[in-house]
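The values are calculated or read from the model by the stated rules, or taken from the named source; none is laboratory data. Since we're looking at a predicted model, the values are computed, not measured. Glycine also receives a Cβ, built like all others from the backbone with ideal geometry; neighbour counts cover every protein chain displayed. Note: areas computed on protein heavy atoms with side chains; ligands, DNA, RNA excluded. Shrake-Rupley method; radii C 1.70, N 1.55, O 1.52, S 1.80 Å.
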Amino acid sequence: MFVAKRKDGSFFSLLDWKNREDVERLTKGELFFCPACHRALQLKHGQVRKVHFAHMNDSCNASSESETLYHLEGKEKLYESLLHSHHTTTLEHYIPSTNQRADVYLETENRKYAFEFQCSTISKSEFNLRTKLYESSHIKPIWILGKEKLGNIEPQMKLSPFQWQFLQRHNAHSPPYILAFCPKSTLYYYLYPSFSFNTSSTYISSMTSKSWTEHPIMQNIQNASWKEHFLHYKKKWRYVYSLYKPHNLLRKYCYAKMNIPLSLFPAEIGLPVPSFYRLHTPVIEWQAWLYFDSIYHTPLHSIIHVPTVLRNFKRRIKGSQIAVRELPLVKVGSYEDAVVEYLDTLVSIGALKRETPVIYRKIKKELPFPSMEDVYKQDRIVLEYLLHLKQS
Ligand SMILES: [Zn+2]
């Protein structure tokens, strides 16, 4: 920590004193206390770490972060960067009503923000709790991932469930992003996931900025750089992954009900949808369950009722065949958007027709038992057609 309370109740910030000797002279013999738990603090003058305050034991629960050098530096740089554009920025602001200490706090004319610079893994429940507590005090939490915790930013990345938690979306007009900050370069990183094949492969568009903005403008997210890779993955999924043990249930279901091997699933399964990030379950799998449950059996020219599709889907979530991603910072929409978008995508490729927002009609029969060669070809035709539609 950089900010402590003095005996007289005033605050003392180490960042006001750049010179180490000054700090030592000023603080000689003085007692400092934690603004949150009021316990005595130690002033630490580590050679490696910056001068900072620390609890005698590590048991203050106002902050979620253990204070590594990286975190201390990040907090300092973040504070300075925000102060540059907003003079109402405070460092380590304590909020008594929720017993939280925000790393950096900012009050603008119409909003309050708590910045949490997170460099260590915390549990999902703690993440959710801290988020809810801020929100209950009408403070908007801005969770920022330590860049170090993200590793190299590549066009294709494996995002962990912990990293996915940081996905934030503030309104329906802008796509969701993960925000990271690097104290060494003083850069903010905005990461926009553009498509995920599965939990280990997510395509990212990214940009950096010298300053923080709540509503960044990102261009060119929709370039489908993943197309060939995805077609290759889909092929491999048919050939190899469909035989894997975790797919036993889906494989049996597919064979028993539809009388086709899972490797020959219709090319209509495994299509990109804008809300793909809502599902933890890989795109081919969740769409296969949906397709087999709600579409495959529907006779040609019959109606597909959206509430029924959603009910079937919910049953799969309950049965753990499909996992929804918990995204506490995504404030618009739900996983149901992904379901409806999938139906709309089937409309785009001519498999369904949308009659009302809740009624679709099946207008094309799946190709009966095509060969592996035919089905690969079909995968490419369908995906290229879809991407072509998006461009025009
Ligand atoms: Zn404390």
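With N denoting the number of residues in the range 62-223, provide Rg(C-alpha) divided by 2.2 N^0.38 Å, to two decimal places. Walk me through the numbers on the way to the answer.
On the way: Rg = 15.3 Å, N = 162, 2.2 N^0.38 = 15.2 Å.
Against the empirical 2.2 N^0.38 Å value, I get 1.00 for the range 62-223.
With all distinct Cα pairs included, what does the Kirkwood hydrodynamic radius of the range 281-392 come out to in Å, to one decimal, could you say? Mind dumping the intermediate values first?
Values: mean 1/r = 0.0653 Å⁻¹.
Kirkwood hydrodynamic radius for the range 281-392: 15.3 Å.
Among ILE144, THR27, ALA256, flag the residue with its Cα farthest along the positive direction of the charge dipole of the chain, charges on Cβ as +1 for Lys/Arg and -1 for Asp/Glu.
Positive-most Cα among the choices belongs to ALA256.
How about the range 186-285: which trypsin sites (Lys or Arg not before Pro) there lie in a loop by DSSP and see at most 11 other Cβ atoms within 10 Å? Write down the numbers at each step before the final one.
Details: sites: LYS210, LYS227, LYS234, LYS235, LYS236, ARG238, ARG251, LYS252, LYS257, ARG278; in loops: LYS210.
Of the trypsin sites (Lys or Arg not before Pro), the ones in loops of the range 186-285 whose Cβ has at most 11 other Cβ atoms within 10 Å are LYS210.
Could you list log10 I(q)/I(0) for the range 220-362 at q = 0.17 Å⁻¹, which the Debye formula gives when each Cα is one point scatterer?
Values returned for q = 0.17 Å⁻¹ are -1.04.
With +1 on each Lys and Arg Cβ and -1 on each Asp and Glu Cβ, and nothing else charged, work out how big the dipole of the range 1-60 is about its Cα centre, in Debye to the nearest 20.
Values: 11 positive and 7 negative charges, 14 e Å.
With only Lys, Arg, Asp and Glu charged at Cβ, the dipole is about 60 debye.
Hey, which aspartates and glutamates would be in cross-link range of LYS234, C-alpha to C-alpha under 19 Å, not counting anything within fewer than 8 residues on its own chain?
Reachable aspartates and glutamates: GLU268, GLU285, GLU366, GLU373, ASP374, ASP379, GLU384.
For LEU191, what is the net charge nearby, where nearby means another residue's Cβ is under 15 Å from its Cβ and Lys, Arg count +1, Asp, Glu -1?
Details: positive: LYS147, LYS149, LYS158, ARG169; negative: GLU148, GLU154.
Result for the neighbourhood of LEU191: +2.
Please identify the helices of the chain, taking whole runs of DSSP H, that span at least 24 Å along their own axis as judged from the Cα atoms and have a mean Kyte-Doolittle score of -0.5 or higher. Numbers along the way, then the final one.
Details: long enough: 69-85 (25 Å, -0.61); 372-391 (29 Å, -0.46).
Both cut-offs are met by 372-391.
Taking the DSSP beta bridges in the range 62-223 as the whole, what percent of them are antiparallel, to the nearest 5?
On the way: 27 of 35 bridges.
Around 75 percent of the beta bridges assigned by DSSP in the range 62-223 are antiparallel ones.
Binning at 10 Å from 0, report for the range 1-137 what percent of all alpha-carbon pair distances ends up in each bin.
For the range 1-137, the binned pair fractions read 11, 42, 37, 9, 0 percent.
In straight Cα distance, which aspartates and glutamates are under 12 Å from LYS124, not counting same-chain residues fewer than 8 positions off?
GLU326
Identify the chymotrypsin sites (Phe, Trp or Tyr not before Pro) of the range 326-373 meeting these criteria: DSSP loop state and at most 16 other C-beta atoms within 10 Å of the C-beta.
In loop regions of the range 326-373 (DSSP not H, G, I, E or B), there are no sparsely surrounded chymotrypsin sites (Phe, Trp or Tyr not before Pro).
Within the range 324-380, how many lysine pairs that are 8 or more places apart, or on different chains, have C-alpha atoms less than 29 Å apart?
Numbers: LYS353/LYS362; LYS353/LYS364; LYS353/LYS365; LYS353/LYS377; LYS362/LYS377; LYS364/LYS377; LYS365/LYS377.
Taking the range 324-380 as the scope, the lysine pair count is 7.
Got a sec? What order do HIS215, HIS55, HIS93 fall in by accessible area at 1.4 Å, biggest, i.e. largest, first?
Output order, biggest surface exposure first: HIS215, HIS93, HIS55.
Which trypsin sites (Lys or Arg not before Pro) in the range 345-392 sit in a loop by DSSP (not H, G, I, E or B) and have at most 14 other Cβ atoms within 10 Å of their own Cβ? Numbers along the way, then the final one.
Numbers: sites: LYS353, ARG354, ARG361, LYS362, LYS364, LYS365, LYS377, ARG380, LYS390; in loops: LYS364, LYS365.
Loop-located and lightly packed - LYS364, LYS365.
Could you tell me the ratio Rg/Rh of the chain? Both radii from Cα atoms, Rh via Kirkwood. Please list the in-between numbers first.
Working: Rg = 25.7 Å, Rh = 23.8 Å.
Using only Cα positions, Rg/Rh for the chain is 1.08.
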